[in-house]
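So the structure is just underneath, and the comments pick up after that.
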């Protein structure tokens, strides 16, 4: 949403942002392009509060009310034409819908993530009370409540935007005015700029929420086979994982059966977003972790990391293939491999390693025409067309 706000003014729209105050100044880069009103709601952070307080928040929606109050405070200062709300779960969709309804403004609900895309165990990650071993039932009830409330709110929106065709088909059952706007990359930061390293470098940046969502096992199986057969000297290879603490522990667990791989593994801290383009461009292979689409999840998860990798033109290795939209995108852009077997991973690594040994670049030249629809500028244009279509053709604010 920050990149959207930065691009909208050139398309005739002036964004005014009302958001939660975060510990760091995440909106500093919008200083000269958007008016930002950050609301302190840290006292209402669900993850830090006892169960009874969580229930109270669910009943009275205090965090949404704080956002709504701030939006109402600034309403007289502007001639608003529309309300755009991007949400991870529900917050602050209820506030946005209330403001839009009260002032008779069209609402665009942008859903980057929805609960239905996850495997059941990953849909609600916060701790829930366990009563007589009924945690699974409670979890299903929580998910059902979230989905029911969200659907009631987005059904009234003038337009819903989301990130994959799977998401579109699901949400269109609730609101027929649902449109696809992919996640994407900032073209001013992500572009080809390869720098060969002393090691054959494989890089992953991001979190690993669970193995049900992101499964690196095919990579580990392939690397193990290549090392044990002498086709890949461990001293030549570095696999870099820039992850958070929880992901690092998960990786330590899955690496235990592969002691031969330990010398080549670097388990490092998450890096600032400003460093990610450099890390990708230092890589001979960039990892995108996924898993096969299944009836009980995951579904349609098109991570931003995928598009940022495509923009750098580095060889992309997706393990395991989702056998759906990620696989088709990688094939269509000729960016690399969405692997279904360890043998495919092994062949891909051998080809890239041979290029590195020959001091050449195994990446094919990037066809910018294929990537243009996934740039932040192109996505802002999509949003602007939606805003134009749902409002009167007058001066926008």
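So here's what we get for this one:
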| quantity | calculated |
| --- | --- |
| Residue 125 being assigned by TED's automatic domain parsing to the domain that holds residue 384 and at pLDDT below 80 | yes |
| Residue identified as in the same structural domain as residue 248 (by TED's automatic domain parsing) and buried (at least 16 other Cβ atoms within 10 Å of the Cβ) among 178, 205, 229 | 205 |
| Residue in region 345-360 that is in contact (Cβ under 8 Å) with a residue 12 or more places away in the chain and closer than 14 Å to residue 280 by Cβ present | no |
| Single unsatisfied condition, residue 228 versus (1) more than 17 Å from residue 350 (Cα to Cα); (2) modelled with pLDDT of 95 or more | (1) |
| Single condition residue 268 does not satisfy, out of (1) at pLDDT below 95; (2) outside any helix (DSSP H, G or I) | (1) |
| Residue, nearest to the chain's Cα centre (by Cα), within region 224-256, restricted to residues that are in a loop (DSSP other than H, G, I, E, B) and free of Cβ contacts under 8 Å to residues at least 12 places away in the same chain | 256 |
| Selection count, region 246-270, where residues are loosely packed, with under 12 Cβ neighbours inside 10 Å and over 22 Å from residue 228 (Cα atoms) | 1 |
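The values are calculated or read from the model by the stated rules, or taken from the named source; none is laboratory data. Because the structure is a prediction, the values reported are computed rather than measured. As a convention, Cβ positions derive from the backbone with ideal geometry for all residues, glycine included, and neighbour counts pool all protein chains shown.
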